[in-house]
Amino acid sequence: MYFLVQKEDVVRIPPHRLGEDEKKVLQELSTASFEGRMEGESSFTVLVTDVEKAGEGRIVHGDGGVYQNVRYTALVFRVDINEVVSGVLCDVLKFGGFVRFGPLDGLLHISQIMDDRMDVDEGGKRLIGKDTKRDLRLDDRVKARIVTVSLNERSLRESRIGLTMRQRGLGKYEWLDEDRKKEKGEEPAKKKKKKE
């Protein structure tokens, strides 16, 4: 999920910034250049810290700026298929809901919520199991597994991440607590009606 990674890359220092505090300028330019950027197919740089100059800068003919190698520590968010994530239900639509985990949202289709048919209450922003009567509401915390990943490097909002909760140990945290108590026998047994 989140990793601290040592990286090296190049930033361009514009001519009007050359006389300023070098450490401050390199931090600002590295932050602007690398934070919020997709790298490869499944990594997203969340934060850039500890920026240091790495060697001498280069000047390119016809460009007044300096191209400087920098070393930095990056906080990277990596999405992997089959990874279990903890998130919050942030939107409900007629086909399911979106779960926010880290800086991304994943789609939880109604067929992937539980082993029950689902009703969608778009106005009330709820997803309700027809037989179990268990419901998911906005801001509910859930545990889900990533089943598909298609990240868009140009627009993170257009990325597609599919989630499922149809396995043991996944679902709304309240459901998981209820299931755990049932397994341990902590829940009082239902009273049987006496036959008359």
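Go through the residues of segment 69-82 one by one and say whether even a single one is at positive phi and surrounded by fewer than 14 Cβ atoms within 10 Å (Cβ to Cβ). Taking every residue of segment 69-82 in turn, at least one turns out to be at positive phi and surrounded by fewer than 14 Cβ atoms within 10 Å (Cβ to Cβ). Contact annotation: residue pairs with Cβ atoms under 6 Å, 6 or more positions apart or on different chains, pairing a residue in segment 153-173 that is outside the structural domain of SER43 (by TED's automatic domain parsing) and modelled with pLDDT of 85 or more with a partner that is surrounded by 12 or more Cβ atoms within 10 Å (Cβ to Cβ) and part of a helix (DSSP H, G or I), are THR164/GLN112; ARG166/GLN112.
Report yes if some residue within segment 4-23 is within 18 Å of the chain's Cα centre (by Cα) and at pLDDT 90 or above; otherwise report no. Yes, there is a match, as at least one residue in segment 4-23 is within 18 Å of the chain's Cα centre (by Cα) and at pLDDT 90 or above.
The set of residues in segment 1-49 being part of a loop (DSSP other than H, G, I, E, B), touching a residue at least 12 places away in the same chain (Cβ under 8 Å) and out of contact with any Ser or Thr (no Cβ under 8 Å at 6 or more places or on another chain) consists of MET1, PRO14, LEU18, GLU41, SER42. When SER42 is tested against (1) under 22 Å from ARG12 (Cβ atoms); (2) polar (S, T, N, Q); (3) under 12 Å from the mean Cα position of the chain (by Cα), just one condition goes unmet, and that condition is (1).
On the stretch given as segment 43-65, residues that are surrounded by 16 or more Cβ atoms within 10 Å (Cβ to Cβ) and not aliphatic (A, V, I, L, M) total 5.
Taking segment 127-146 as the search range and keeping residues that are part of a loop (DSSP other than H, G, I, E, B) and among the charged types (D, E, K, R), which one is farthest from the chain's Cα centre (by Cα)? Residue satisfying both the conditions and the ranking: ASP131. Scanning segment 110-121 for residues that are assigned to a strand (DSSP E or B) and surrounded by 14 or more Cβ atoms within 10 Å (Cβ to Cβ) yields MET118, VAL120. If you go through segment 91-104 and keep only what is of a type outside the set (A, V, I, L, M), surrounded by fewer than 16 Cβ atoms within 10 Å (Cβ to Cβ) and either assigned to a strand (DSSP E or B) or assigned by TED's automatic domain parsing to the domain that holds LEU18 (or both), you end up with ASP91, ARG100. Going by the conditions given, is LEU107 within 18 Å of the chain's Cα centre (by Cα), without any contact (Cβ under 8 Å) to a residue 60 or more places away in the chain and surrounded by 16 or more Cβ atoms within 10 Å (Cβ to Cβ)? Yes.
The values are calculated or read from the model by the stated rules, or taken from the named source; none is laboratory data. As the structure is a computational prediction, the values presented were derived from the model and not from experiment. Here Cβ is always computed from backbone atoms with ideal geometry, including for glycine, and neighbour counts include all displayed protein chains.
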